[in-house]
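Let me begin by presenting the structure, written as structure tokens, before commenting on it.
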Amino acid sequence: MNDLSHLPTLLPLTLTDVAFRHRGQTLLQGINLAFGASGRTIVLGPNGAGKSLLMRLCHGLLQPSAGTVRWAALRDSGRSIRRRQSMVFQRPVLLRRSAIANVEYALAVQGVGRRERRRHAAEALEYFGLASLAHRMARVLSGGEQQRLALARAWAMRPEILFLDEPTSALDPSATKAVEDAVQAFHDRGTRIVMSTHDLGQARRLADDVVFLCRGRLLERTPAIEFFQQPRTAEATAFLHGELVW
Amino acid sequence: MTGGNPFATALELILERDPVLVGIVGLSLQVSLTAVAIAAVLALPLGAVVALFRFPGRGIVVAGLNALMGLPPVVAGLMVYLLLSRAGPLGSWGLLFTPTAMVIAQTLLVFPIIAALSRQVVEDLWEEYSEQLRSLGASRLRAIPTLLWDARFSLLTGVLAGFGRASAEVGAVLIVGGNIDGVTRVMTTAIALETSRGDLPLALGLGIVLLLLVMLVNSAAHLVSEQAKRRLG
């Protein structure tokens, strides 16, 4: 499963006129967006702008009410496409078993053989500095360790694209730094990064480009340098100045 | 095995290890534990399937399972009696008034309790796990063993409740077992018999032994699960 060369590439991911409605409310609409084969996109926007929703729609956890979410590897079924992406959530959900068993579980679902599972899982834990905690129960690890374990789990799955939904919003500075380093490591390995955050400093450090959402609409998609110096929309300017955007 | 004080009688019964009593206790445990084991193997996955899948009539199944938790033991006994009696559809199996018939009746009683609890527990856990497991690419079918395993300590409570019901009921085992001395006599039917005979100290003594047994099994399971919860987080 780790030899991706024979597979048609998953990316780019293209969203066309995507809308999402829930209980009569339109939460996202008119989203047209493409994610190419590499790079780090940071999704910014005030609370309730639809950042998490957008990533869940991309990842396939939610189905759009209108429009299409399309991967380049069209012929694959939904689940096999899901297995070539990963998502790290704000609060990681870990199974009630050891740290290494959590990573092995994800690989087992992907259909990796037993011996290979163990090896890949151990490597991933080692890489994220969790080797000494491999046999500790995942649920008793600290918040920062749990998030690193979630990243190690994603690492072992070797995704082509990694979604991160405010992965550091509950973490202290050193754990936040560890997550940012991990994102960088994924990027260096060629994984496409799509991440939402409320931490503008973090966004500046990590972004190649910025997707700015407000009230369920995509207001701009701008290269990072340009976005932080001279955003195109008034809403983004206000957002960067810490003003309420409504 | 006579005397005025039921506690003395109970103590005497335990200390003497009266072979008749040992036989009765052994059969009680054997019948109830077998019934609980069979019911658990069937009901845990069934509860999980009902929790995870949407199908027509699901609401009726859920309501039915919840309602059947209160199935009166005598009714369960009667149903099994009708099935197994000589004129019944399974009469040729010759199971009536055997321990096997008692196991069947108790399985029927315990099944809805474990299934309903399993449904509830797995549904709650799925609420927490669903996004993550779907993100990992797990199908609902693949999620079932994962959820059952991660909920194992909550589910143990349900299995224990099932054991409590099985070991405490008298109606079902009395009807299908017949309370035959040395063959199908268990603790509850023995207590009922001694009470109606007027040997109240013996009946009470047996009652205390039964109580101790149930408490022993429950507290052992409770200890195991508390310790594991602390360890697993």
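None of the figures in this text is laboratory data; all of them are computed from the coordinates on show. These figures come from a predicted structure and were not determined experimentally. Don't worry about glycine lacking a Cβ; one is built from the backbone with ideal geometry, like all the others, and counts go over all protein chains shown.
How long is chain A along each principal axis, judged by its Cα atoms, biggest number first, in Å?
Here the spans come out as 53, 43, 35 Å, largest first.
Among the trypsin sites (Lys or Arg not before Pro) in region A:172-219, which ones are in a DSSP loop with at most 11 other Cβ atoms within 10 Å of the Cβ? Mind listing them? Spell out each step's value before the answer.
Working: sites: A:Lys177, A:Arg189, A:Arg192, A:Arg204, A:Arg205, A:Arg215, A:Arg217; in loops: A:Arg189, A:Arg215.
Answer by residue number: A:Arg189.
Given springs between every Cα pair under 10 Å in a Gaussian network model of chain B, which of B:Pro56, B:Pro89, B:Pro99 has the largest fluctuation?
The residue that fluctuates most here is B:Pro56.
For the protein assembly as shown, give the magnitude of the charge dipole about the Cα centre (Cβ charges: +1 Lys/Arg, -1 Asp/Glu; no others), in debye to the nearest 20. Let's see the in-between values first.
Working: 48 positive and 36 negative charges, 240 e Å.
So the magnitude is around 1160 debye.
Would you mind ranking A:His135, A:His187, A:His198 by Cβ crowding within 10 Å, fewest neighbours first?
Working: A:His135 9, A:His187 17, A:His198 14.
If I rank by nearby Cβ atoms, fewest first, I get A:His135, A:His198, A:His187.
Helix B:152-168 versus the longest principal axis of chain B: what is the Cα-based angle in degrees, 0 to 90, to the nearest 10?
Taking the Cα atoms of chain B, the angle to B:152-168 is about 30 degrees.
Using a Förster radius of 51 Å, what is the FRET efficiency between B:Arg58 and B:Leu211 based on their Cβ-Cβ separation? Nearest 0.05, please. Could the numbers behind the result be given before it?
Working: r = 39 Å, r/R0 = 0.77.
With R0 = 51 Å, the Cβ-Cβ based efficiency is 0.85.
Using only Cα atoms, find the angle between the long axis of helix B:99-135 and the longest principal axis of chain B, and express it within 0 to 90 degrees, rounded to the nearest 10.
20 degrees
Using Cα pairs closer than 8 Å and at least 6 residues apart in sequence, work out the relative contact order for chain B, in percent.
Values: 289 pairs, mean separation 74.1, N = 233.
Relative contact order, chain B: 32 percent.
How tilted is helix B:200-232 with respect to the longest principal axis of chain B? Cα atoms for both, answer in degrees (0 to 90, nearest 10).
Tilt relative to chain B: about 20 degrees.
Give the distance, in whole Å, between the Cα centre of region A:195-246 and the Cα centre of region A:29-56.
Each part's Cα centre sits 11 Å from the other's.
Enter the Cα centre distance for the pair region A:127-150 and region B:36-57, rounded to the nearest angstrom.
Computed from Cα coordinates, the inter-centre distance equals 33 Å.
Name the residue, out of B:Leu223, B:Leu156, B:Leu84, whose mean-square fluctuation peaks in a Gaussian network model built on chain B with Cα pairs under 10 Å.
B:Leu223
If you bin the C-alpha pair distances of region B:75-171 every 5 Å from 0, what whole percents do you get?
Histogram of Cα-Cα distances, whole percents per bin: 3, 12, 18, 15, 12, 11, 10, 10, 6, 4, 1, 0.
Can you list the equivalent-ellipsoid semi-axes of the protein assembly as shown, largest first and in whole Å, using the square root of 5 times each Cα gyration tensor eigenvalue? The partial results should precede the final answer.
Details: eigenvalues 723, 112, 79 Å².
Computed over the protein assembly as shown, the values are 60, 24, 20 Å.
Determine the calculated [θ] at 222 nm for chain B from helices alone, applying -39500 (n - 2.57) to every DSSP H run no shorter than 4 residues and normalising by the residue count; nearest 500 deg cm²/dmol. The partial results should precede the final answer.
Working: 10 runs with 184 residues, N = 233.
Helices in chain B give a 222 nm mean residue ellipticity of -27000 deg cm²/dmol.
Kirkwood Rh, region B:26-232, all Cα pairs: how many Å? Write down the numbers at each step before the final one.
On the way: mean 1/r = 0.0542 Å⁻¹.
Mean inverse Cα-Cα distance, inverted, gives 18.5 Å.
Please identify the longest segment of chain B free of exposed trypsin sites (Lys or Arg not before Pro), where exposed means a DSSP state other than H, G, I, E or B and no more than 10 other Cβ atoms within 10 Å.
Numbers: sites that count: B:Arg17, B:Arg54, B:Arg86.
Here the longest segment lacking exposed loop sites spans B:87-233.
Ranked by Cβ crowding within 10 angstrom, fewest neighbours first, how are A:Val18, B:Val20 ordered? Provide the component values of the computation, followed by the final result.
Values: A:Val18 23, B:Val20 13.
Lowest to highest Cβ neighbour count: B:Val20, A:Val18.
For region B:79-105 and region B:192-206, write down the distance between their C-alpha centroids in whole Å.
Using only Cα atoms to place each centre, the spacing works out to 28 Å.
Picking from A:Ala156, A:Ala207, A:Ala66, which is most flexible by a Gaussian network model of chain A using Cα springs under 10 Å?
A:Ala66
Tell me what chain A gives for mean residue ellipticity at 222 nm when only DSSP H runs of n ≥ 4 count, each as -39,500 (n - 2.57), the sum divided by the residue total, rounded to 500 deg cm²/dmol. List each step's numbers first, then the result.
Details: 9 runs with 89 residues, N = 246.
Rounded to the nearest 500, it is -10500 deg cm²/dmol.
Suppose R0 equals 25 Å. What FRET efficiency, 1/(1 + (r/R0)^6) with r the Cβ-Cβ distance, do A:Asp172 and A:Ser132 give to the nearest 0.05?
Between A:Asp172 and A:Ser132 the formula returns 0.80.
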